[in-house]
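Single-structure report; data block below.
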Amino acid sequence: MADVTLRHVYKVYEGSVRAVNDFDLNIRDKEFVVFVGPSGCGKSTTLRMIAGLEDITAGQLYIDGELMNEVEPKNRDIAMVFQSYALYPHMTVYENMAFGLKLRHTPKDEIDKRVKAAAEILEISELLSRKPKALSGGQRQRVALGRTIVRHPKVFLLDEPLSNLDAKLRVSMRSEITKLHEKLETTFIYVTHDQTEAMTMGNRIVVMKDGFIQQADTPITLFEDPCNLFVATFLGSPQMNIVDAELFMDGKTLKAKLNDRDDMIVSFPDIKAKQLANKKYIGEKVLLGIRPEHVHPNAGNLKAFIDVVEHLGDESILYCKMENRKEQFIIKIPFNSKIHANEETKLDFDMNHVYLFDAMTHKAIMGIPSEDEIPVVIKDGVISMGQQELSLDEEYASHLLDASFNNEVYLAIKPDYISEEETPNALTVMAKFEFVEQKTDYQAVYFSLKGVEGYFAMKVKNDEEVKLGKEVALYFPYQRINIYDKDHNKTNSREVVYPNKGIASVNTVKGQMKVKVSGFTLTYPEEGLENGEYEIVFKQDKLLPLFPNKMLKKNDKLENPVMDIPSNKIKVSAYDEDVLGNKLLAYVQVGNFEKYCSFVIGNNFSVYKMPKFELYVPREAFELKSIK
Ligand code: ADP
């Protein structure tokens, strides 16, 4: 029994390498979860944090609901298998497997029982008296697994356990590990950079890139509905083809011009066209993706040239060139000996299977989105969503940055988290079910919101009835709601955002306004304010951190030049940080401020760089309010 929950977990190594950002995932008991992604994306670091071999910089790790951040690795009831299996060469297989239990003073007969049971599961009973050098690579890896099985851990962590084996053995060990998981009925977390391993082994796959989770879902859902270009092209072999496309309407039909060529036009079926996330893309350049198996040669009107053909017994792979596009275009068809290289062909796209991506953000913009993004305005405790006015939960409001309020923002939520079932701590939204698309694992249900353009999506179980055309109440759990500004920066945080409020005393002397706050004196040109105490409120987006190597100089060019710049600064100490898209929300402690103060800065900054630093306070970074 073990579920493993990571809540907003971060790892920042010394020298401020951000290895893992905001890793948020619940791994259920008995699940087989695979972390996959290119080298350096943070997979091993995450695994090592779960094992306790690496400190967690921020966030929480729970195993079976118990906070584990400070628990010693040996007390976490976790077993880890590494790629190098490091068996003791002078010990037999039996002794290798018994060794850990002996150290723990397990009684001899119990050790014997466990070693024999594990050997049976792994089918190595006849090897127990051999030494490692008399074993093959696959057998050694099995012994390494056996060493961990005998401990009866709650969770198995496997870090690229097959990467030292040859290709053939890897394939057979893949199914052995899957079988082992079924036999042991324990939670498995498996790290690999190999997409085939991920697709064939996991109940669920977590695709990572640059320290961020890109998407976490079942293999089939990742394949059918990749949330962005990275996931789309990372999974699947040969990989998805990408071409440039410009969307336009021809009467009522949505069409796309490919690769800037007037003679390359494709039309979307109506059900697809309705799934375009936003009408703003019509007239825009986007990226169109299509998998090699959904393209048919000698069938349509898209000109291409076949460079190379590989006939692989049951299938033929065609490597083509398209006009105006350098990248290879790959087609996979059932074996066809009549197709030859160095010939022209015309292609037909199966338009029920095309994907569209935003040319800038690379997010999927057709079909079930990674997050529904609903335009809203948040003001005075109310969320205005089209014609609906929803009251904002106070606790949730305390996690919102200044930028969330009084601006056009997007309320975003993953389609998985929207529910028709009444949910506590959720925003209740009235919606109308419009149309359904059947997927392998679920039904994609598209709904509309009064006064909001377009359709939004949620996932409903396959066996549930969907009543189209009906007004329904949908529940959006607050915990799952993100708010984004127009530039797609998240404006909600993990920690409560306290208003950056303190007390300042103002004293004007000889044309200079001296503002004393937390023991620091800031000097600005006179403003005609009465001397006395004021409430000072710092603005989150105007404070600038100063580092010794980047100290502002007196003659640095600033928008509002201020006198005596080096003195207009306050000393703060680092508290925590939150990555919000390409911005960072830093929490710092300042003398007499309530709790901590927060400011927003580019995400190449990190408060973990230095425990103490200074903030430059230009005049526009604060407001003074008289205290009466
Ligand atoms: P993966 O397992 O996906 O290949 P890692 O988790 O090993 O990735 O590494 C993620 C990032 O953290 C990489 O940029 C790597 O260079 C960096 N990193 C890993 N370990 C350390 C360390 N001990 N000190 C500093 N940086 C590290």
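The values are calculated or read from the model by the stated rules, or taken from the named source; none is laboratory data. Everything quoted here is computed from the prediction, not taken from an experiment. Using ideal geometry, Cβ is built from the backbone for each residue, glycine included, and neighbour counts are taken over all protein chains shown. These area figures cover heavy atoms from the full protein model, side chains too; ligands, DNA and RNA do not enter into them. Shrake-Rupley method; radii C 1.70, N 1.55, O 1.52, S 1.80 Å.
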Going through the range 266-280 one residue at a time, which ones are out of contact with any Ser or Thr (no Cβ under 8 Å at 6 or more places or on another chain) and at pLDDT 95 or above?
VAL266, PRO269
If you check VAL206 against the conditions, is it assigned by TED's automatic domain parsing to the domain that holds ASP22, in contact with an Asp or Glu (Cβ under 6 Å, 6 or more places away or on another chain) and surrounded by 20 or more Cβ atoms within 10 Å (Cβ to Cβ)?
no
Residues in the range 339-372 that are surrounded by fewer than 17 Cβ atoms within 10 Å (Cβ to Cβ), among the charged types (D, E, K, R) and touching a helix residue (DSSP H, G or I) at 6+ places or on another chain (Cβ under 8 Å) total 1
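Given the condition over 15 Å from MET351 (Cβ atoms), in the same structural domain as ALA245 (by TED's automatic domain parsing) and in contact with a helix residue (DSSP H, G or I) (Cβ under 9 Å, 6 or more places away or on another chain), answer yes or no: does some residue in the range 287-300 qualify? Quick ask: steps written out before the conclusion?
Within the range 287-300, the first condition is being over 15 Å from MET351 (Cβ atoms), and the residues that meet it are 287, 292, 297-298.
From the residues that got through so far, the ones that are in the same structural domain as ALA245 (by TED's automatic domain parsing) too are 287, 292, 297-298.
With in contact with a helix residue (DSSP H, G or I) (Cβ under 9 Å, 6 or more places away or on another chain) added as a condition, the list becomes 287.
Yes, that holds for at least one residue.
I'm trying to understand the selection: among the residues of the range 264-278, which are touching a helix residue (DSSP H, G or I) at 6+ places or on another chain (Cβ under 9 Å) and loosely packed, with under 15 Cβ neighbours inside 10 Å?
Filtering the range 264-278 for residues touching a helix residue (DSSP H, G or I) at 6+ places or on another chain (Cβ under 9 Å) gives 266-269, 271-272.
Scanning the range 264-278 gives SER267, PRO269, ILE271.
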Any idea which of ASN21, ASN69, ASN26 is touching a residue at least 60 places away in the same chain (Cβ under 8 Å) and polar (S, T, N, Q)?
ASN21
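If you take just the strands (runs of 3 or more DSSP E) that sit entirely in the range 373-469, which of them hold at least 3 residues that are open to solvent by 20 Å² or more (accessible area, probe 1.4 Å) and on the phi < 0 side of the Ramachandran plot? Can you show your working first?
Numbers: elements: 382-385, 388-391, 408-413, 426-438, 443-449, 452-460.
The strands (runs of 3 or more DSSP E) meeting that bar are 388-391, 426-438, 452-460.
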If we keep only residues of the range 1-23 that are in contact with a Ser or Thr (Cβ under 8 Å, 6 or more places away or on another chain) and more than 21 Å from MET610 (Cα to Cα), then the residue nearest to the ligand (Cβ to nearest atom) is PHE23
Every residue in the range 30-82 that is among the small types (Gly, Ala, Ser), within 12 Å of the ligand (Cβ to nearest atom) and touching a helix residue (DSSP H, G or I) at 6+ places or on another chain (Cβ under 8 Å), please.
GLY37
Given the condition within 16 Å of the ligand (Cβ to nearest atom), within 28 Å of TYR88 (Cβ to Cβ) and buried (at least 18 other Cβ atoms within 10 Å of the Cβ), answer yes or no: does some residue in the range 120-141 qualify?
no
Filter the range 488-522 down to residues that are part of a loop (DSSP other than H, G, I, E, B) and either among the β-branched types (Val, Ile, Thr) or over 14 Å from VAL590 (Cα atoms) (or both), then give me how many there are.
10
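Every residue, every condition in (1) open to solvent by 50 Å² or more (accessible area, probe 1.4 Å); (2) in a helix (DSSP H, G or I); (3) in contact with a strand residue (DSSP E or B) (Cβ under 6 Å, 6 or more places away or on another chain), yes or no:
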position	(1), (2), (3)
THR221	no, yes, no
THR233	no, yes, no
ALA256	no, no, yes
ASP262	yes, no, no
LYS280	yes, yes, no
PRO297	no, no, yes
Do any residues in the range 512-525 that are at positive phi have Cβ atoms under 9 Å from those of residues that are of a type in the set (Phe, Trp, Tyr) and outside any strand (DSSP E or B), where the two are at least six apart or on different chains, and which pairs are they?
SER518/PHE593
I'd like to check something: does the range 180-196 contain any residue that is over 20 Å from LEU165 (Cα atoms) and free of Cβ contacts under 8 Å to residues at least 60 places away in the same chain?
yes
